[in-house]
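What follows draws every value from the coordinates through simple rules; no lab data is involved. Everything quoted here is computed from the prediction, not taken from an experiment. FYI the Cβ positions are ideal-geometry reconstructions off the backbone, even for glycines, and counts take in every protein chain you see.
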Amino acid sequence: MLTGSCFCGNVKYNVSGELADKGICHCLSCRKISGSTYTTNFVIPESNFSLISGTLKQCTAKHENGMDLTINFCQNCGTTIYKTASLDMFAGVVVLLAGTVDGGQGVEKAKPNSELWMKYRVDWLPSLEGVTQFNEFPG
């Protein structure tokens, strides 16, 4: 089981079961969400995510491909915990930001299977070898 929290510790969560997928996303929306060049993500079944404490706030905006993208974040410190999207491939899953997993477990276990939105990868960041790469979302 993975446990996680926001920066201030107000929001705490558990993740049970196996991860459905792991990937990094270079899309312009993820740059805004992370304040960096990409997000590192765990895709998990929604039923495997349990909020233990705190209250999440939501913000929904249009992704560059036209879908609705919703971020769920701590209303106190603003840390994004997970994302959901209106695209069929995201039905029934949450996209958990790996950096919110406690004790370094997240980033240590986050070696991605895929790299998404490669067309927006910054030039000075090399692509990852041995992972499936997509210019947008697969499918």
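Any idea how many residues of region 108-131 are among the aromatic types (Phe, Trp, Tyr) and either in contact with an Asp or Glu (Cβ under 8 Å, 6 or more places away or on another chain) or touching a residue at least 40 places away in the same chain (Cβ under 8 Å) (or both)?
Filtering region 108-131 for residues among the aromatic types (Phe, Trp, Tyr) gives 117, 120, 124.
Filter once more, so that each one left must be either in contact with an Asp or Glu (Cβ under 8 Å, 6 or more places away or on another chain) or touching a residue at least 40 places away in the same chain (Cβ under 8 Å) (or both): 117, 120.
Total meeting the criteria: 2.
List the pairs whose first member sits in region 86-100 and is closer than 16 Å to Cys30 by Cα, whose second member is in a helix (DSSP H, G or I), and whose Cβ atoms are under 7 Å apart, counting only residues at least 6 apart or on separate chains?
Going by the 7 Å Cβ cut-off, the qualifying pairs are Val94/Glu46; Ala98/Gly106; Ala98/Val107; Gly99/Gly106; Gly99/Val107; Thr100/Gly106.
Return the total of residues in region 6-24 being assigned to a strand (DSSP E or B) and either free of Cβ contacts under 8 Å to residues at least 12 places away in the same chain or more than 14 Å from the chain's Cα centre (by Cα) (or both).
3
Of Ser86, Ser53, which residue is over 28 Å from Gly130 (Cβ atoms) and touching a His at 6+ places or on another chain (Cβ under 9 Å)? Break it down into steps so the answer makes sense when it comes.
On the way: Ser53 fails: touching a His at 6+ places or on another chain (Cβ under 9 Å).
After applying the criteria, what remains is Ser86.
Considering (1) in a loop (DSSP other than H, G, I, E, B); (2) exposed (fewer than 14 other Cβ atoms within 10 Å of the Cβ), say which one Val107 fails and leave the rest.
Every condition holds for Val107 apart from (1).
Looking for something free of Cβ contacts under 8 Å to residues at least 24 places away in the same chain, within 29 Å of Cys8 (Cβ to Cβ), in a loop (DSSP other than H, G, I, E, B) and out of contact with any His (no Cβ under 8 Å at 6 or more places or on another chain) - is there at least one such residue anywhere in region 25-48?
There is at least one residue in region 25-48 that is free of Cβ contacts under 8 Å to residues at least 24 places away in the same chain, within 29 Å of Cys8 (Cβ to Cβ), in a loop (DSSP other than H, G, I, E, B) and out of contact with any His (no Cβ under 8 Å at 6 or more places or on another chain).
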